[in-house]
Amino acid sequence: MIDVLLKIIVFGTVVGGIWGLVASGFSLIFGVSRILNFAHGAAFVCAAYVAILLSGSGFNVYLSILAGLAVSGLLGYLVYLLTRPVRKNEVMVIIVTLALALLIQQILLVNFGDKGISMLPLVQGFVELNNIKVTNMRIASFVLAVASLVSLDLMVSKTRIGKKIIATSQDSEAAMLTGIDVEKVLILVMVLSSILAGFAGILYAQIFAISPETSLKALIYAFAIVILGGLGSLRGSIVSSFIVGYILVLTITFLGARWSEFVMLLAIVTILVVRPTGLFGVEE
Amino acid sequence: MKNIPKLFGFLMILVSAALPVVIPEAYLYLIGLTYLFAILAISWDLMVGYTGQVNLGHTTFVGLGAYVAALLQTPLRMGIAIHPLAAIIIGGLAAALVGFFIGIITLRLRGYYFSLVTAILPLVFMQTVFVWRDVFGGEEGFSIAGYSLVDTTLSKYYFSLALLLISVAAMRWIVKSRIGLRFMAIRDSEELAESIGIDTTKYKVLAFVLSSFFAGIAGAAIVNYRYTVGPELYDVPLMLLIILSAVLGGLGTIYGPLIGAVVIYLAKNWWLRDLIEITSLPVNDEVVLYAVLIAIGILMPHGIFHELRERVGERVKH
Amino acid sequence: MRYAKAVLTLLILLAAVTSLCVQGGQKAERGKVVIGVIGPMSSPEGMAEEKAVKLAVEEINAQGGILGYPVEVVVGDTKLDSNTASTEFRRLATIENADVVIGGFSSGVMLTMMETMAETKTLFLADASSPAHAKKVAENYDRYKYWFRVTQNNGSTFALDLADMVKFLKDSGYDVKKVYIIRDEHVWTDPVVEALIPLLEEQGVEIVKDVRVPRGYSEYEQLIQEADSLDADLIMPILAIVGTGDILTKQWVTLKPNILLAGHDLAAIDAELYNKTNGMANYEVFLADGGALITAPPTEKCKEFVEAYKKKYGHYPESHQAYGAYDAVYLYKTVVEMAAKDGEDDPFNPDVLVNYLEKFDASNPIMLTRPIAFYKNHDLMWGDNYVRNWISQWQDGKQYIIYPESVANGELKLPPWIE
């Protein structure tokens, strides 16, 4: 019993950490701009592809990772540029970002095929905890993810930039009146969030593997987490990313792997139906 | 002057009806399929273009209609074989019923929730196909050959043409009626619509149910047309193609999405691939379509035809 | 009004284009042989099919064509969508007047194309692996007889291969008592496992758990550890649709459990797997689907084909569909020539050619890149002397066939971490 519990905590926490990086950015973007960034999964995948391809062709692995992060940041900026003219038009924002996501997915598919590619883990080996083998890479990913999430939370809640971000998400027009350059805040949030997603993608590619289809998977997880945590609530997203991680592992352990996707999707729909503002959300 | 659009419509119908005389069978088959696809784009427009609620899960109802009709039509799956026409209608009703339940749950809330739920729905239904594959046939779907409503290409063509005309007429009638006016009032401002006594939830649900019904009918018709049903009828690429067609043609116009659907579907299945091969760029037709969608979304959010009309109109005025 | 004009212009344009097509498609006296190839042309499977067919046709034309007629290739793209596939097949059959269509990929798309094939009565030398396709031929022969599976064995034959694999491992000194199955949450794996259970029972092997995973599943580490805790000595993947077999291999190599990984994993067949996982795909035992491997061609013709392909396109075949498509062209040429020799009125008539294709049965396989013969339901014949999914292994960046001996070019190597 202890074994099972430990297993659920260990595996759920690691997965939760990675998805937390994706979801927190998704949530931040929605918070400041009311944009549902359907192209968020693309940043996740693109960063990983760039890092893998560069390091595979002989570049230093850390520089390759940096390049991957830069590309995901650029992608965030691209989303900003593309959505700027239609920001007031909900329909078009959704359509434009969704089309961008699928466009990138197809470009990857045509050029690199549908098979997964993966990255050599930066740290090899594993440790045994009470008969459970946990790879060092998983532990490293967890530490890195939590460190990033904590610094993100600190940045938002403690720094001046963070105050601007909060002000903009609460009321962008009022923020503008108090002299905050809302556009700059938007750019910052979009780029930063995309880099976080890219970082998650690079970690994911080391533990698992990445393929063009992974972008949709990342998006769905981000969706699920953000809905659970409440749209626009950063801390809600962080907490619920771990909850989603545990649900996933619980499902695999007790119901069987075949139900993992189904239960996830069903859980999202149920939450939306029962408590549409999410567990930590506030009424709009 | 007023009669000209009517005259033109009549002419279009005549031309469509006469197409089989001049066009070879294989293209006729494609054009017939295009008509069914057009019903999907128009019915999406009925919800999105008229009430302003972004439904990202229209394919849920396409797939539902398709599977329900297919299961009822062929005795090989559940041991029942009702008349195909009845199966198609039941397919539409099943889609409408599911649309009703989803609508009353999600449409009470404003903003993004409806889009979010509908974005996830097709994925959930697609999973049901895999999980209960004894019933739905899993990834490969199943065939209803021998129990279809139509069996020759010619009959398929006229069947889908008739279905398209009926659907367009019905949806035209709906949006021109008092109900349609209320839909548009909700689209323009929910607060205002409520303040003049419109039960916004009720009308949003009504639009959703009607839209789902036509999607279900078209889904069921597609199964009768090509004889097989499969999970790709639920899938995201089909959804994007529907959105693209409607956005290209112009939301909230019924005729716009009709024309958009015809252009997009024929382009995708006909000449776009050859065009891309000539350019020898490392892209495929989907990349091109998505790029077009982004460009139109940003540059002419009201659709190409609307935009053209306005520009030409301006020039005439000057 | 202007709106109307725009639409009218469009319509006229449409009519003009189509009428042009009509003229192009008029049925004429035979001046050539047209071979259609259909597949998902943005995926490696479809690309390999197209390239292989074009290569074969080039060779045949250089030698004077089929019965003296030059051969022309027309291409259809299914886009992995049933609607598109049925339209494209119809175009190849009726507008391009294809005498035979080769290819197809993915069970559902194939099911739809078979309906179009039946309507247009077109010979179809096909890919895909679902038993449902051949079953249709058996159930309604007159309607579906134009269909022959050329590329690979019916998916349910994997049971025989997997049972042989276990036997081979035992014979090679790796004792197997308990098997942990990880398989696709998909209809194709049901008959495989159903047939596998009694075959393993005969060998005294127990299935300790049978786990089904959905498309895109990635959490294999937990399953590997569960297999370990259940004392399994073999993890047997039966994975194709899931698309993440590479993750299983990678996590298996990372965790280094005292369990061998051996089964059918579509990812393992990919010649690039080793590079794509940075070498973390070593020692996996798998089945070479389609009966041929680039690094271990079973026939002389296969060896020549692989090299010719490399010469023409600069790389080896990107998927095993290439062998089937290449064989299909030569198979078609052979049966047409047989029919002509027998003095058939129209040696290109598909109804006639079906009879000639059926002549390649158990006692009379045709030697192409692989020895090809058909069952009564037009399924590709399985066996050591025909096509089967060779038992193979990844060893230090290279794929080797390790069983049966008649084609093997390597021996089983156990991973160093297994005791």
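Quick notes on this structure:
- Exceedance of the 27 Å cut-off in Cα-Cα distance is limited, within the set C:Lys136/C:Lys303; B:Lys156/B:Lys204; A:Lys115/B:Lys268; C:Lys303/C:Lys341; B:Lys156/C:Lys136, to C:Lys136/C:Lys303; B:Lys156/B:Lys204; C:Lys303/C:Lys341.
- Stokes-Einstein translational diffusion, region A:184-282 - Kirkwood Rh over all Cα pairs, 0.890 mPa s, 25 °C, in µm²/s: 169 µm²/s
- Projecting the Cα atoms of B:Asn224, B:Ala185, B:Tyr113 onto the dipole axis of chain B, where Lys and Arg carry +1 and Asp and Glu carry -1 at the beta carbon, places B:Ala185 farthest toward the positive end.
- Other protein chain C-beta atoms within 10 Å of residue C-beta, averaged over A:86-93: 5.
- Look at where the Cα atoms of region B:55-69 and of region C:229-280 average out, and the two centres are 36 Å apart.
- The protein assembly as shown: antiparallel DSSP beta bridges as a percent of all, rounded to 5: 35 percent
- 14 Å cut-off, amide nitrogen to a point 7 angstrom out along C:Lys135 Cα→Cβ, residues in region C:162-204: C:187-195
- Near A:Phe126, the amide H atoms lying under 5 Å from its own belong to A:Asn136; only residues 5 or more places off or on other chains count, and H is placed 1.01 Å from N.
- Charge-dipole axis of region A:2-274 as Lys and Arg at +1 and Asp and Glu at -1 on Cβ define it, positive-most pick from A:Met137, A:Gly116, A:Phe208: A:Met137
- Remark: the protein assembly as shown projects, on average over all directions, an area of 42.0 nm² (convex hull of Cα atoms).
- The HN-Hα couplings worked out from phi for region C:165-173 by the Karplus form 6.51 cos²θ - 1.76 cosθ + 1.60 (θ = phi - 60°) are 4, 4, 4, 4, 4, 5, 5, 7, x Hz, whole numbers, x standing for Gly and Pro.
- Ratio of Rg to Rh over chain C (Cα coordinates, Kirkwood Rh, two decimals): 1.02
- Per-residue average of Cβ from other chains inside 10 Å of A:259-269: 6
- Shown here are the Rg and Dmax of the Cα trace of region B:25-235, at 17.4, 55 Å.
- All Cα-Cα distances of region C:231-360, cut into 5 Å bins from zero to the largest, leave 2, 9, 15, 15, 12, 12, 11, 8, 6, 5, 3, 2, 1, 0 percent in each bin in turn.
- Of A:Lys158, C:Lys136, C:Lys54, the order by accessible heavy-atom surface (1.4 Å probe, DNA, RNA and ligands excluded), from most exposed downward, is A:Lys158, C:Lys54, C:Lys136.
- Translational diffusion coefficient (Stokes-Einstein; Kirkwood radius from C-alpha pairs) of region A:81-203 at 20 °C, 1.002 mPa s, in µm²/s: 119 µm²/s
- Bridging of A:Lys163 to lysines at a Cα separation below 28 Å is possible for A:Lys88, A:Lys184, once same-chain residues fewer than 8 apart are set aside.
- Three-way shape call for region B:185-315 based on the alpha-carbon gyration tensor, with the a/c threshold at 1.5: oblate
- According to the Kirkwood relation over distinct C-alpha pairs, the hydrodynamic radius of region A:2-274 is 18.9 Å.
- Separation of region A:1-22 and region C:145-159, taken as the distance between their Cα centroids, equals 43 angstrom.
- All-pairs alpha carbon distance profile, region C:289-345, 10 Å steps from 0, percent: 22, 44, 20, 13, 1
- Chain C - mean residue ellipticity at 222 nm from DSSP helices (-39,500 (n - 2.57) per run, n ≥ 4, rounded to 500): -13000 deg cm²/dmol
- Sequence of C:Ser229, A:Ser24, A:Ser148 when ordered by accessible area, the most exposed leading, probe 1.4 angstrom: C:Ser229, A:Ser148, A:Ser24
- Cβ-placed point charges (K, R +1; D, E -1), dipole of the protein assembly as shown about Cα centre in debye, nearest 20: 3740 debye
- Hydrodynamic analysis of region A:90-133 uses the Kirkwood radius over alpha carbon pairs. Inserted into Stokes-Einstein at 25 °C and 0.890 mPa s, it gives a translational diffusion coefficient of 172 µm²/s.
- Neighbouring partner chain Cβ atoms per residue of C:91-97, average, 10 Å criterion: 3
- Note on the protein assembly as shown: dipole from Cβ charges, positive end direction compared against C:Val205, B:Gly32, C:Ser107; the farthest Cα belongs to B:Gly32.
- √(5λ) per eigenvalue of the Cα gyration tensor, region C:242-317, largest first, Å: 27, 13, 10
- Over region C:73-127 - Rg/Rh using Cα atoms and the Kirkwood inverse-distance radius: 0.90
- Centroid-to-centroid separation of region A:88-143 and region C:334-381 [C-alpha atoms, Å]: 48 Å
- Accessible area, probe 1.4 Å, largest first, for residues C:Glu72, C:Glu194, C:Glu115: C:Glu194, C:Glu72, C:Glu115
- Where only alpha carbons of region C:362-410 are counted, the Rg and the Dmax (Å): 12.9, 41
- Over 17 Å [Cα-Cα, region A:143-204], rounded percent: 44 percent
The values are calculated or read from the model by the stated rules, or taken from the named source; none is laboratory data. Here the structure is a predicted model, which means the values were calculated and not measured. Neighbour counts are summed over all protein chains in view; Cβ atoms, including those assigned to glycine, are modelled from backbone coordinates with ideal geometry. Calculation scope for accessible area: heavy atoms of the full protein, side chains included, ligands and nucleic acids excluded. Shrake-Rupley method; radii C 1.70, N 1.55, O 1.52, S 1.80 Å.
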